[in-house]
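Values quoted throughout were computed directly from the atomic coordinates according to the rules given, and no laboratory measurement underlies them. Predicted model only: the values in this text are computed from it and were never measured. Note: ideal-geometry Cβ built from the backbone for every residue, glycine included; neighbour counts use all protein chains shown.
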Amino acid sequence: MKRVAAVVFVAVLITAAVQADVIYNNFGPGDTYYLGNGWLVAGPDTGTSQSVAMPFTPSGSYTLDTATVAVGHINGTNSFDLALYDDASGLPGAALETWTGISAGAYQSPGGAETVVSVTNPLLASGSQYWLVATPGADDTRDAWMYTTGLTAGLFAYAQGGPWISYTDTLSAFRVTGSPASVPEPCTCALFALGALGLLRRRRK
């Protein structure tokens with residue numbers, strides 16, 4: 001039992017050292033965003049079918065933890081899907097993880113940021129571009145991915161029932177968090193564990 005307790009103690013210390021970081025964030029303070037308008041995320045029954053993709057590039061290597069988006073529901077079925085895509089020549093490539101059936105907040109209302117939690121925790125490589133993609137959850141869904149507070153402009157992509165098209169205009173509000181992908185070398189872990197076990201033995205004496 002004493003050996004098991006020591007191993008658990010060491011594992012807790014190592015786990016506590018790993019903390020989630022903000023990989024990308026363009027929300028204003030308190031997850032605020034522009035309430036006036038956003039990019040349409042809608043199904044074909046609305047008259048304008050459209051999906052929207054926003055890019056981000058990690059400055060280090062991480063495993064994905066969460067993604068937060070400001071999507072407001074206008075009318076139709078209140079459901080949208082979110083996905084993480086890799087990059088294919090400057091446009092969304094293949095889906096790495098998908099979250100379906102998300103309910104959006106009210107259109108043009110504050111406090112409507114929705115967060116999804118990663119289950120597969122895909123690796124996000126340092127310096128590689130990735131895309132957060134919002135698609136309608138039903139054919140009659142009509143939502144808006146709200147703009148950033150400062151109406152920040154940049155490159156993003158959209159699709160209207162066909163291939164992705166790159167476009168430069170106001171960006172939508174979102175945040176991505178992750179855990180550092182690098183781990184201590186085996187020798188470091190061993191020394192750390194031996195030190196912790198030594199402290200436990202001293203305390204028992």
Whole-Hz ³J(HN,Hα) from phi, Karplus 6.51 cos²θ - 1.76 cosθ + 1.60, for segment 137-153, glycine and proline x
x, 8, 5, 9, 5, 9, 10, 9, 8, 5, 6, 5, 4, x, 6, 5, 9
Using 0.36 nm per residue of separation minus the Cα-Cα distance, give me the extension gain between Val117 and Thr48 in nm, one decimal.
21.9 nm
Taking every alpha carbon pair in segment 20-181, what does the distance histogram look like in 5 angstrom bins from 0, in percent?
2, 10, 20, 24, 22, 16, 6, 1, 0
Just going by the charge dipole of segment 20-181, with Lys and Arg at +1 and Asp and Glu at -1 on Cβ, which of Tyr130, Phe156, Ser89 is farthest out on the positive end?
Phe156
Less than 11 Å Cβ to Cβ from Gln129, Lys/Arg counted +1 and Asp/Glu -1: what total charge do the surrounding residues give?
-2
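Can you check what the net charge comes to around Leu82, using other residues whose Cβ is under 10 Å from the Cβ of Leu82 (Lys, Arg +1; Asp, Glu -1)?
Surrounding charge for Leu82 is -3.
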